[in-house]
Amino acid sequence: MLRVSYWPRDVPPVPLTDLGVGSVTRTLLETLARELADAEAQLQVVYDSAFVDTAEGRSLDRVVGLLGIERRPADVPVGSVRFTRRAGTAGLVTIPVGTAVLTAKGVRYLTTREATLQAGESSAEVAVAGEGRTTPLVGAGELDRPALALAGVERVGNEAPTFQPAGPEDDTALRARARRAFHGVGLGTLDALVHGVRGLDGVTGVQVTEFPDGRAGTVSLDVALRDPGDADAVTLVQTTVDRLRPAGVQVLWQAASRVDVVVDVRRLVLTGAGRPVAELDEIRSGLTARLTAALTDLPPGGRLAAPRAAALALAVDRIADLELLFTVDGRAGLAEVALPVGRAARAVTPIAVPPPEFTDAGAPGPQVRLQVRVIGPVQLVGAATLAAATDAVRTRAQAWLAGAPVLDFTEFAAAVRDDAAYALVLEDVVVVLERDGRFEQLVLGSAPRPVDALERPELVGVELEDRT
């Protein structure tokens with residue numbers, strides 16, 4: 001048996017040898033060990049309170065205060081916004097903390113945490129908070145536009161109204177905002193320049209080059225501005241660059257020049273056997289908007305292949321196939337947009353779309369219900385009653401709708417006319433048309449309204465008022 005003792009040889013042994021439970025010696029040792037453990041735990045709390053990831057409560061408030069950040073009080077409105085993936089976008093889509101979402105009136109809310117759409121995930125709901133205490137509450141669906149274009153995000157929207165929280169901002173959300181702020185305080189780093197400038201209103205992309213032309217101590221920024229002629233945006237970029245650059249480092253920035261990009265749609269194939277004129281116009285305008293946004297979102301020096309652009313359109317159920325090429329800076333027939341360094345894309349609009357083909361050409365298309373309602377006053381003649389006049393107008397209107405290729409108010413008035421029983425007060429009569437929740441009116445003097453090939457007019461009501 002080997003015994004090791006650290007007791008000094010020249011010191012007499014201590015007479016306290018009883019280490020049993022409850023003995024004086026053991027009690028003293030356990031007390032000392034407990035106090036040392038408590039002191040170690042308290043020191044650990046002090047140590048953890050110095051870091052964003054581990055500080056809590058008032059300690060976290062002091063740490064983030066070094067970055068100029070304050071915990072949001074309970075009177076700042078909060079809510080949530082759903083970000084939907086852009087059709088055809090593969091892989092991960094990141095929504096940074098602090099992303100601004102606006103209403104049509106310019107009310108700003110900011111995301112309070114970072115979110116990532118995983119591969120195959122179509123949307124994600126992210127918590128948002130008002131920009132300040134004076135930010136008003138907004139209703140459902142009003143937060144419908146990001147302040148800046150987000151790569152891979154097609155649309156945003158709040159499904160529920162914002163509300164006043166029961167308490168101040170929690171530690172998790174405060175930490176997320178603080179981590180985002182670190183990107184902007186590392187002066188002179190690529191992160192600071194990219195995040196600081198790209199986060200400005202009116203900036204769609206930034207390209208950073210260190211040591212341009214081999215010059216040490218110099219950084220070059222090519223900034224894609226939504227409107228290069230906006231003097232306020234130019235001043236804001238310059239102010240931000242001056243704030244972020246360190247002493248001794250020269251930051252040269254210029255607005256990225258634009259390259260004209262023409263989208264040449266060679267072939268468009270739609271599902272079904274045919275589409276009404278109004279629906280074709282909607283498909284064309286939506287296709288133009290998606291392709292224009294894809295080009296505008298390209299950063300200086302970015303790339304967009306034709307198959308990737310076509311995939312954005314194929315996400316729409318009504319589009320079965322799309323073939324397109326690009327004309328970039330006068331060079332036609334290109335299968336890819338490859339922007340030169342320091343240059344951004346400018347989509348040439350309108351985008352010409354050829355007449356579509358259909359996957360089921362020759363087959364009957366789906367019928368669309370066009371509801372027709374007649375409303376207005378009538379003057380009765382002789383012993384005629386309002387009920388009888390209503391039945392007569394209903395019968396004659398149904399017969400007119402059954403064979404009318406064009407809905408014309410004058411022809412309607414002639415078709416339902418019966419001078420022996422009643423007379424419609426045409427100046428006040430309205431023929432209301434409803435299709436898929438959209439309304440139109442035919443009145444005296446209005447232009448004729450053609451009936452689309454797939455529309456099925458149906459009289460759903462006659463509401464007459466006796467004005468004899």
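Bear in mind these aren't lab numbers, they're just calculated from the coordinates by the rules spelled out. Small disclaimer: the values here were computed from a predicted structure and weren't measured. Here the Cβ is made from the backbone with ideal geometry for all residues, glycine too, and neighbour counts use every protein chain on show.
Just a few scattered comments:
- In this calculation the C-beta distance from A90 to D264 is compared with R0 = 25 Å, giving a FRET efficiency of 0.55.
- In Hz, Karplus ³J(HN,Hα) per residue of the range 456-468 (6.51, -1.76, 1.60; θ = phi - 60°; x = Gly, Pro): 10, x, 9, 6, 10, x, 10, 10, 10, 10, 6, 10, 5
- Model label points for T385 and E357, set 7 angstrom from Cα along the Cα-to-Cβ axis, are 6.2 nm apart.
- Here the simple spin-label model places points 7 Å from the Cα toward Cβ, and for T25 and A289 these points are separated by 8.6 nm.
- Relative to the current alpha-carbon distance between S123 and L66, full extension at 0.36 nm per residue lengthens the span by 17.0 nm.
- Difference of contour (0.36 nm per residue) and Cα-Cα distance, E434 to R331: 32.4 nm
- Rounded to 5, percent antiparallel among DSSP beta bridges of the chain: 70 percent
- Angle between the chain longest axis and helix 171-185 axis [Cα atoms, degrees, rounded to 10]: 90 degrees
- Rounded FRET efficiency, nearest 0.05, which uses the C-beta distance separating T235 from A415 and R0 of 56 Å: 0.30
- Comparing Cα centroids, the range 234-268 and the range 131-182 end up 27 angstrom apart.
- Relative contact order [Cα under 8 Å, 6+ residues apart], the chain, whole percent: 11 percent
- Helical runs (DSSP H, four residues minimum) scored at -39500 (n - 2.57) apiece and divided by the length of the chain put the mean residue ellipticity at 222 nm at -8500 deg cm²/dmol.
- Calculated P(r) of the range 186-255 - Cα pairs past 13 Å, %: 60 percent
- Using alpha-carbon coordinates, inclination of helix 231-244 to the longest axis of the chain, degrees: 10 degrees
- Rg ratio (alpha-carbon, reference 2.2 N^0.38 Å) - the range 213-363: 1.35
- Local electrostatic count at T162 - Lys and Arg +1, Asp and Glu -1, tallied over other residues with Cβ under 15 Å: -2
- Here the calculated FRET efficiency for E114 and D213, from their Cβ-Cβ distance with R0 = 45 Å, stands at 0.80, rounded to the nearest 0.05.
- Percent antiparallel among DSSP beta bridges (both partners in the range 368-466, rounded to 5): 60 percent
- Near T135, once Lys and Arg are set to +1 and Asp and Glu to -1 for all other residues with Cβ below 11 Å from its Cβ, the sum equals +1.
- On Cα atoms only, tilt of 24-48 relative to the major axis of the chain in degrees: 40 degrees
- Labels on offer are (1) 44, 30, 19; (2) 37, 28, 23; (3) 68, 35, 22, and the one holding semi-axes √(5λ) of the Cα gyration tensor in Å computed from this structure is (3).
- Rounded to the nearest whole Hz, the Karplus-based 3J(HN,Hα) values (6.51 cos²θ - 1.76 cosθ + 1.60, θ = phi - 60°) of the range 209-221 follow the sequence 10, 8, 6, x, 6, x, 8, 5, x, 10, 10, 10, 10, with x at glycine and proline.
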